[in-house]
Amino acid sequence: MVHGVCCSDNNTGAVNVPIYNSSTYVYQNADAKVKWDYARSGNPTRAFLEEQIALLEGGTRGFAFSSGLAAIHAAFAIFEPGDHIIIGDKIYGGTFRLVNQYFKKWQLEFTTVDTQDVAAVEAAIKPNTKAIYFETFTNPLLRVTSVKAIAEIAKQHHLLTIVDNTFLTPYLQQPLKLGADIVIHSATKYLGGHSDVIAGLVVVKGDELGEKIYFSQNALGGVLSPEDSNLIRRGIQTLGVRMDRHLANAAKIVAFLIKRAEIVKAYYPGIEGSVDHEIAQKECRGFGGIVSFDLAAAIDSKAFVERLSLFKLAVSLGAVESLVELPYKMSHAELSVADLQDCGISTQLIRLSVGIEDAQDLIDDLTQVLDSFKK
Ligand SMILES: *Cc1c(COP(=O)(O)O)cnc(C)c1O
C-alpha cells in the first residue's frame, strides 16, 4: 500500500510518481511504437495507480475511472445484447439505476437475487447467464455474501464472478483470491479516504478480461484524471492505518450501542450469532467501518441525526470523518415505501460511517444525543 509498484522514470529522484499533465506525447519518428501517445489511452500517473490496485487485489491488470459508476459501466459494457446477469438484490442504488434504466435498453437481462442464498443464485442461472454481480457487504444492513461459494457455482456454470469491493477494500478482502474474476471499487470511499475525490477502479484476473476492460475504458472514455489518480494513489498509502482505526472505532461504537436501551437492533458483521458473522469471519480480515442500527420508536430519528455534532449528516462513507445518515430519506430515498419495507429499511434505521476520530469523542457525541431524548 505504501510503496506500490517500484517506479523511477524521472531524473529527479522523486519518491512519488509525478503528475503527468500532458494530454499528448511526442513520437520520435512517424513509425515509432510509443508507449504513451494520448492520455485517454494511457497516462503514467494513472498507470501507477492501476498497477498499485492490481497488485493489492492480486489481479492481472487494474483500470482507473472518473467514478465508481464509470468503472461499473465499463465492466457491464463487456457483455453482449441478450446476455443475462444475476445481480445482488441489495446492490448500490446507482448500480441498480445503471442496470435498469440504461443497460436493459441495450438488451442486457438482469435477475435480482439475494446472493447470500447460494441455492437461489444457482436456481436463477439460465442458458444465457454470463455473470454474477454482487457486493460482499450490503448497504445499509450489512448482509454478507460468500465470495467463495458464489465463485464456485459460477465456475461450474462458466460464469464470471464480479464483486464490488468498495465496503471492504483489498485490506479486508481480496475477492480475486477467493475465486472472483473482476473486482470493482468506488475509490471515492475508503481508497481515497478523505471525501475529496470521485473515482472508480476495476481489477481483473487474466489477460483476456484485461483486454476487454481496457477496450471499454478507452472506448467509453471515463478515465481518471492525473491529479485525481494521484489523490487515490496517496489515499491508498494510508489505507492500512486508516482501516485499522475504522475497525477499532466501529467495534467500540457497536459495543456501546448494543448496551443502550434506545437501540432496538444493531447491524454489524462483527456481532456474533448470525450467518453474516460466520461468513465474514472466514472470508474477511475485519468487519468494516459501517454500522447501522434501528432506533426505538419513541426516538425521533430525524432529530437524532440532526443533533449529532461530530458525526456529519451526509451520504457517502469511508472517509476519515464520521458521517451519519437516514437511509429512507437520503441514500435510499429513491426506493418506494414497499421496496424500503422489503429491504428492511425503516424510518428508524440509522447508518454510521465510522471515521478515525478519537473513539471516546464519537461515543460522547452519541451519548449526548441519546441522553437528550430522556429530558
Ligand atoms: C458509492 C458507491 C458506488 C458508486 O461510486 P461513485 O464513485 O459514487 O460513482 C458503487 N458501489 C458502492 C458499493 C458504493 O458505495
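The values are calculated or read from the model by the stated rules, or taken from the named source; none is laboratory data. Since we're looking at a predicted model, the values are computed, not measured. Glycine also receives a Cβ, built like all others from the backbone with ideal geometry; neighbour counts cover every protein chain displayed. Quick note on the areas: whole protein, heavy atoms, side chains included, nothing else; ligands and nucleic acids left out. Shrake-Rupley method; radii C 1.70, N 1.55, O 1.52, S 1.80 Å.
Yes/no matrix, rows are residues, columns are (1) within 20 Å of the chain's Cα centre (by Cα); (2) among the hydroxyl-bearing types (Ser, Thr, Tyr); (3) at pLDDT below 95:
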site	(1), (2), (3)
Gly286	yes, no, no
Gly289	yes, no, no
Lys302	no, no, no
Glu306	no, no, no
Leu310	no, no, no
Leu326	yes, no, no
Glu334	yes, no, yes
- Message: Can you pull out every residue in the stretch 98-116 that is more than 14 Å from the ligand (Cβ to nearest atom) and among the aliphatic types (A, V, I, L, M)?
- Response: Leu108, Val113
- Message: Please go through the stretch 333-365 and give me each residue that is part of a helix (DSSP H, G or I) and open to solvent by 30 Å² or more (accessible area, probe 1.4 Å), ordered by number.
- Response: Val337, Ala338, Asp339, Gln341, Asp342, Cys343, Gln360, Asp361, Asp364
- Task: Test Thr95 against the criterion of being within 16 Å of the ligand (Cβ to nearest atom), more than 21 Å from Ile213 (Cα to Cα) and not in a loop (DSSP other than H, G, I, E, B), and give yes or no.
- Result: no
- Check Ala298 against each of (1) more than 28 Å from Ile198 (Cα to Cα); (2) assigned to a helix (DSSP H, G or I); (3) not β-branched (Val, Ile, Thr) and name the one condition it does not meet. (2)
- Task: Kindly indicate the residue of the stretch 366-375 that is open to solvent by 10 Å² or more (accessible area, probe 1.4 Å) and either among the acidic types (Asp, Glu) or modelled with pLDDT of 95 or more (or both) and also nearest to Ile253 (Cα to Cα) among those meeting that condition.
- Result: Thr367
- Task: Could you pull out the residue among Ala154, Ala180, Ala124, Ala119 that is open to solvent by 10 Å² or more (accessible area, probe 1.4 Å), more than 10 Å from the ligand (Cβ to nearest atom), of a type in the set (Gly, Ala, Ser) and touching a strand residue (DSSP E or B) at 6+ places or on another chain (Cβ under 9 Å)?
- Result: Ala124
- Message: Can you tell me which condition Gly200 does not meet? The list is (1) within 16 Å of the ligand (Cβ to nearest atom); (2) open to solvent by 70 Å² or more (accessible area, probe 1.4 Å), and all the others hold.
- Response: (2)
- Task: Test Lys265 against the stated conditions and say whether it is in a loop (DSSP other than H, G, I, E, B), over 28 Å from Leu176 (Cβ atoms) and assigned by TED's automatic domain parsing to the domain that holds Val354.
- Result: no
- Task: Would you tally the residues in the stretch 63-82 being among the small types (Gly, Ala, Ser) and more than 16 Å from the ligand (Cβ to nearest atom)?
- Result: 1
- Task: Given the conditions (1) out of contact with any Ser or Thr (no Cβ under 8 Å at 6 or more places or on another chain); (2) crowded, with 22+ Cβ neighbours inside 10 Å; (3) more than 25 Å from Gly93 (Cβ to Cβ), report the number of the one that Gly192 does not fulfil.
- Result: (3)
